[in-house]
Amino acid sequence: MTEPASLAETFRRLIATTGPISLAQFMGESNARYYASRDPLGTEGDFITAPEISQMFGEMVGLWLADIWDRAGRPAEANYVELGPGRGTLATDALRTMKRFGLELEVHLVEGSPELRCQQQQAVPQAQFHQDLSTVPTDRPLLLVANEFLDALPIRQLVRTTEGWREVMVAVDDDGTFVPVAGPQPMDAAVPEERREAEEGTVIETCPGAAAVMSEAAGRLAQQGGAALFIDYGYAQPRTGSTLQALAKHRKVDPFALPGEADLTAHVDFAILAEIASSRGARWLGTSEQGAWLRAMGIDRRAETLAGNSPQHLETVMRAKERLTDDEQMGKLFKVMGLAGPQWPDGAGF
């Protein structure tokens, strides 16, 4: 039995037949192959996320959800919904924390990776699984969390050339390597009028997938009530420039070098997502730097408690807290955006 062709080989044949493909197609198919074939998390994988660094992260998320639920009047029924739950670590820590405050929820996990679903099932046996939000029940409030989910959704890039705006495509160089090129079709109409006269070489990124997810989640909050946290690396004010990057074995690599074998991501535009959420009727509670938000939620006190209970782990606990909150590590680059239904209260930490 012959092995299936690598994604790189498939892309090369496709490009040879039809010409350059869009960056969105390259990124989308690469990540679909990547996530379907492995567990990418942890020291043996390609990257590590905040919940895997310390239980404190999930505990702060659970505390935020329990607090806003309490101030919303403690609705008797609500759903915990997580997008891209990794190994289920965040859900485990958040659900444990919420239970301490009398909040026990039906759990719905949105996950497309068979490998990760198996691990999530072990971590959260009561969970119900979904391919997307469309099948999550609509009859009760949502307490929704998405940590490092939006960054892996395919982006489009537009670049200003001497002929005007063009979409960034992916072609094959003479030596067989994949390279970004400007497409042939004029794309000026897709660029906001106030940005069309940017200097040559300017790159603008959009993420249709993130916009669609935010539109649906915010619409659900507007109709069903509830609250949501979206946590990712990105920017809170509009910016330009390519943010496409790839990680393999915890190192940055050429985003075009290993399709299907490295994690492709891009920074999340929280400014446009806040606009989308508001347009769908949800309340935007604010967008905060992760370090500031975690400190506002009490991570310093929690770290002291954990260290006091297990003095032998003092250095490990404090190093983890620093990694999550320090400006030079995850504290500044990562953002936390809060949303709520129209009748729900403001959220802590914003």
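The values are calculated or read from the model by the stated rules, or taken from the named source; none is laboratory data. All figures in this text were calculated on a predicted structure; none of them were measured in a lab. Every residue, glycine as well, gets a Cβ built from its backbone with ideal geometry; the counts of neighbours run over all protein chains shown.
Pairing each residue of the range 64-75 that is under 20 Å from LEU90 (Cβ atoms) with any residue that is of a type in the set (Gly, Ala, Ser), provided the two are 6+ apart or on different chains, yields C-beta distances under 6 Å for TRP64/ALA348; ASP67/ALA348; ILE68/ALA227; ILE68/GLY347.
One residue stands out among those in the range 222-236 that are among the aromatic types (Phe, Trp, Tyr) and surrounded by fewer than 23 Cβ atoms within 10 Å (Cβ to Cβ): the one that is nearest to THR138 (Cα to Cα), which is TYR233. Annotation note: of GLN119, GLN157, the sole residue that is among the polar types (S, T, N, Q), in contact with an Asp or Glu (Cβ under 8 Å, 6 or more places away or on another chain) and modelled with pLDDT under 95 is GLN119. Of the helices (runs of 4 or more DSSP H) lying entirely inside the range 237-350, the ones with 1 or more residues being free of Cβ contacts under 8 Å to residues at least 12 places away in the same chain and surrounded by 15 or more Cβ atoms within 10 Å (Cβ to Cβ) are found at 299-309, 314-325. Listed by position, the strands (runs of 3 or more DSSP E) contained in the range 137-204 that have at least 2 residues being more than 30 Å from VAL81 (Cα to Cα) are 156-161, 164-172, 178-186.
Please find, within the range 256-270, the residue that is nearest to the chain's Cα centre (by Cα) out of those that are modelled with pLDDT under 95 and of a type outside the set (A, V, I, L, M, F, W, C). For the range 256-270, the residue satisfying everything is ASP263. Taken together, ARG71, ARG100, ARG96 contain a single residue that is of a type in the set (Lys, Arg) and closer than 18 Å to GLY338 by Cβ, which is ARG71. Listed by position, the helices (runs of 4 or more DSSP H) enclosed by the range 1-71 that each have at least 1 residues that are surrounded by fewer than 20 Cβ atoms within 10 Å (Cβ to Cβ) and at pLDDT 95 or above are 7-18, 23-36, 55-71.
Pairing each residue of the range 96-115 that is on the phi > 0 side of the Ramachandran plot with any residue that is in a loop (DSSP other than H, G, I, E, B) and of a type outside the set (Val, Ile, Thr), provided the two are 6+ apart or on different chains, yields C-beta distances under 9 Å for GLY102/ARG74.
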